[in-house]
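What follows is a set of notes on a single structure, which appears directly below.
The values are calculated or read from the model by the stated rules, or taken from the named source; none is laboratory data. Because the structure is a prediction, the values reported are computed rather than measured. With ideal geometry, Cβ positions are generated from the backbone for all residues, glycine too; neighbour counts draw on all protein chains shown.
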There are 2 protein chains.
Amino acid sequence: MDMQSSPIAALRIDGARLWQSLMDLARIGGTPKGGVCRIALTELDRQGRDLFVQWAREAGCSIRVDAIGNIFARRAGTDDSLPPVMTGSHIDTQPTGGKFDGNYGVLAGLEVVRTLNAAGIHTRAPIEVAVWTNEEGSRFVPVMMGSGVFAGAFTLEHALAQRDAQGVSVGEALAAIGYAGESGPAHAVGAYFEAHIEQGPVLEKHQRVIGVVQAALGQRWYDVTVQGMEAHAGPTPMELRRDALLAASRIVAEVNRIAVERMPHARGTVGSLEVFPNSRNVIPGRVKFSVDLRAPDDAQLQDMDAALRAACARIAAECQVQAEVEQVVYFPPQPFTPHLVQAVRASAAELGYSSMDAVSGAGHDAVYVARVAPAAMIFVPCADGISHNEIEDAEPAHLEAGCNVLLRAMLAQAEIAA
Amino acid sequence: MDMQSSPIAALRIDGARLWQSLMDLARIGGTPKGGVCRIALTELDRQGRDLFVQWAREAGCSIRVDAIGNIFARRAGTDDSLPPVMTGSHIDTQPTGGKFDGNYGVLAGLEVVRTLNAAGIHTRAPIEVAVWTNEEGSRFVPVMMGSGVFAGAFTLEHALAQRDAQGVSVGEALAAIGYAGESGPAHAVGAYFEAHIEQGPVLEKHQRVIGVVQAALGQRWYDVTVQGMEAHAGPTPMELRRDALLAASRIVAEVNRIAVERMPHARGTVGSLEVFPNSRNVIPGRVKFSVDLRAPDDAQLQDMDAALRAACARIAAECQVQAEVEQVVYFPPQPFTPHLVQAVRASAAELGYSSMDAVSGAGHDAVYVARVAPAAMIFVPCADGISHNEIEDAEPAHLEAGCNVLLRAMLAQAEIAA
């Protein structure tokens, strides 16, 4: 079907309605600073879920909840034997989260359904809007729990057994809010799209409205411990020092260099660093710090890992200290599905929105779903690239544009019924 | 007088007696790990002072205590109109201090008196052994309080008004232990020597027994604050970062370079560093750290200050962050008195001890006394250069050697009476 010449060439979502739904949902757990605190599997999460379910039912959807609490709102297709074309995200937030992270992807999906309803359009494949449980991981780890169980990244039993700081398990919390649904195998998905604020500064910097997400970066996280020799800063001459902070500082600079040499997509970050004994006139004897390396493909990530280990060994020898490197987390890179990525790119072009290729540096539910179904993501800018913050903000026009791209990309997969 | 041909050419202190006194004093506040915890102006400090006073009286000395609690044990000269030749140090310790830091200088002075008594030697000038109050500054600041008041570095009133963490003032604590002595102007000192463990690794490294201390390094201490931009480590590409820890790490490396380029005596140390928000996957928005620069003369210290400020400005610009440099402490370099330094060097040579020129990287009471009297220091090695630690250790033979040097250097100044 050639959408440009079809009756849906002029089809657009209702940006004002989308914005209003975002603002309405943001009142549940809304904070004085304009953010949202709606932690996974709390009473506020229940209220948010109930509101979504009510809206989805009003839009004619049927509701299914799975055993980890993921909600699937389904708009029937003309051929319900086809796997659904799915979209979605999450509505749990960080403790000092914003209105858009996750919520936008869910309500953009609902807006697609409402738009199809208003236009009287039927699709061959069903449309589903997913609300994934506990993406943020603020109360229960692992993060991206609902989509992780769906994709088989870890088991349902493992997830249900996790406990929060008060000792409450995921299973208990799900039952308490009434979202412990039916078990059973995850259903097949024909295609999955997720619209999300970028949570970074790239689109804004390049003044583009749509980010066409190629892949999610793979991640390797490390704990590095540098052991030197504590000594008095005054009487210890430079040539007799074994300064753990000097060695650590050189490694921090190397972590940066390793990523800078692999721009634009590689990332290298030391976010946390602790010095012992951390006294002004004592040469540090020990420094512990984190290293976070990210890259779009595993070969590059492996290469960065080797560069990190080589830098630690070389600098440790130069500074006469020991440096221990322990990998503590590994997420493989996740490419998105080329024909869906192309569908996003084409939809943006057809709609006249500026776009650019992008990568997802952070984790998203789409990264897990992509393990079991064709998947792609649509990024829209957020103000100053700020997210996980109560001042998180996004422009209504950008949110509307991303939702129009989502509508088109989903329709191209679900196909309009004759 | 030619000491080589005089009867005192063979004069030696009693190393076993010195060692025994060190061990006896170390029992007051002795810790299970073999260290000493005898904090300034506590009941244990009083017990230590009382023991010293008892020993000094037994050695025929008269005792004077000044208003800041400094104790002066005086062995009369044949010409008491001459200013005394003084030695001394402190007997207060760090909370996890050792047996030798300070205590050695005091008991080496006492051993000189005992040796002169045993040999029946009278000196023209009086000999004094000083116990300076609160050198360590663990309970009350400023550090080197007693010698600081003596030298006019700050006033008696200022020192007496300082309070510990419990709100007890120095004046109250002095009165409570019975060491609030007479006020009055500091008395003139003909020459001051202080024997001390090196508290560093240089003598041990070079296998020398005596350090002939040329000067105490000047010190400039700074607080540096680097302000960047906190951001999510995943979605923020390298070229859009304003990473405060990357900038701080580069400055740490520069602090080291600035000192290494000015070896052997310059020192540059970052001992304390704190990262905000210090979270594994957040690019650090702010880093605060200390810088400690030391050099033997003011021109070099000034030059290092300029190099630090230039490095901070350059690195801040490169990393697109702000770096604020605030100097918080300044101790001027303190050269020791050439003819007394030469007396130490000559005494070591006459006694056949290996020696080397040295600098004092740390503060000592002698550094303040040198402001008002000719002064010099004698260093002896300590095991692995470790001090301010319960495992602080020194070899009896080295302590004996330092005390023999002290005896000779003092005799050369005080002159043996005909």
First in segment B:378-392 and within 12 Å of chain A (Cβ to nearest Cβ), second anywhere and among the polar types (S, T, N, Q) and not in a strand (DSSP E or B), Cβ under 6 Å, 6 or more apart: B:SER387/B:GLN199; B:HIS388/B:GLN94
Only listed residue being surrounded by fewer than 19 Cβ atoms within 10 Å (Cβ to Cβ) and modelled with pLDDT of 95 or more, chosen from B:GLU182, B:GLU135, B:GLU172, B:GLU194: B:GLU172
State whether one or more residues within segment B:304-314 are touching a strand residue (DSSP E or B) at 6+ places or on another chain (Cβ under 7 Å) and within 10 Å of chain A (Cβ to nearest Cβ). no
Name the one entry in A:ALA130, A:ALA125 that is assigned to a loop (DSSP other than H, G, I, E, B), crowded, with 20+ Cβ neighbours inside 10 Å, touching a residue at least 60 places away in the same chain (Cβ under 8 Å) and of a type in the set (Gly, Ala, Ser). A:ALA125
Would you check if there is a residue in segment B:306-327 being under 25 Å from the mean Cα position of the chain (by Cα), crowded, with 19+ Cβ neighbours inside 10 Å and in contact (Cβ under 8 Å) with a residue 12 or more places away in the chain? no
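State yes or no: is B:GLY60 surrounded by fewer than 19 Cβ atoms within 10 Å (Cβ to Cβ), touching a residue at least 24 places away in the same chain (Cβ under 8 Å) and small (Gly, Ala, Ser)? Before the answer, list the steps.
Working: surrounded by fewer than 19 Cβ atoms within 10 Å (Cβ to Cβ): yes; touching a residue at least 24 places away in the same chain (Cβ under 8 Å): yes; small (Gly, Ala, Ser): yes.
In short, yes.
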(1) under 21 Å from B:ALA409 (Cα atoms); (2) touching a residue at least 60 places away in the same chain (Cβ under 8 Å); (3) in a loop (DSSP other than H, G, I, E, B); (4) not aromatic (Phe, Trp, Tyr) all hold for B:LEU41 apart from (1)
When you look at A:SER249, is it part of a helix (DSSP H, G or I), facing another protein chain (nearest Cβ under 9 Å), more than 21 Å from the chain's Cα centre (by Cα) and free of Cβ contacts under 8 Å to residues at least 24 places away in the same chain, yes or no? yes
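Tell me which strands (runs of 3 or more DSSP E) are completely within segment B:310-418 and hold 3 or more residues being touching a His at 6+ places or on another chain (Cβ under 9 Å) and within 25 Å of B:GLU136 (Cβ to Cβ), or say none if there are none.
B:375-380
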Checking the condition more than 14 Å from chain A (Cβ to nearest Cβ), in contact (Cβ under 8 Å) with a residue 40 or more places away in the chain and not basic (Lys, Arg), which residue from B:ALA165, B:ALA215, B:ALA175, B:ALA118 passes? B:ALA118
What pairs come up if the first residue lies in segment B:189-200 and is within 7 Å of B:ILE378 (Cα to Cα), the second is assigned to a loop (DSSP other than H, G, I, E, B) and at pLDDT 95 or above, and their beta carbons are under 9 Å apart, counting only those six or more places apart or on different chains? B:GLU194/B:HIS364; B:HIS196/B:PHE100; B:HIS196/B:ASP101; B:HIS196/B:GLY102; B:HIS196/B:HIS364
Before we move on, is A:VAL270 crowded, with 24+ Cβ neighbours inside 10 Å, over 24 Å from A:ASP365 (Cα atoms) and within 22 Å of the chain's Cα centre (by Cα)? yes
Select from segment A:284-295 the residues that are crowded, with 24+ Cβ neighbours inside 10 Å and not charged (D, E, K, R) and write down the one among them that is farthest from the other protein chains (Cβ to nearest Cβ). A:ALA295
Could you grab me the full set of residues in segment A:133-172 that are under 23 Å from A:HIS388 (Cα atoms), in contact with a Pro (Cβ under 9 Å, 6 or more places away or on another chain) and in a helix (DSSP H, G or I)? A:GLY148
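To keep it simple, each residue is scored yes or no on (1) in the same structural domain as A:ASP66 (by TED's automatic domain parsing); (2) of a type in the set (D, E, K, R); (3) within 16 Å of the chain's Cα centre (by Cα).
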position: A:ASP164; (1), (2), (3): yes, yes, no
position: A:VAL168; (1), (2), (3): yes, no, no
position: A:LEU174; (1), (2), (3): yes, no, no
position: A:SER183; (1), (2), (3): yes, no, no
position: A:TYR192; (1), (2), (3): yes, no, yes
position: A:ILE197; (1), (2), (3): yes, no, yes
position: A:GLU204; (1), (2), (3): yes, yes, no
Within segment B:273-283, the residues that are surrounded by fewer than 23 Cβ atoms within 10 Å (Cβ to Cβ) and either at the interface with chain A (Cβ under 9 Å from one of its Cβ atoms) or of a type in the set (Lys, Arg) (or both) are B:GLU274, B:PRO277, B:ASN278, B:SER279, B:ARG280, B:ASN281, B:VAL282
In segment A:234-246, anything outside any loop (DSSP other than H, G, I, E, B), at the interface with chain B (Cβ under 7 Å from one of its Cβ atoms) and not charged (D, E, K, R) is listed as A:MET238, A:LEU240, A:LEU245, A:LEU246
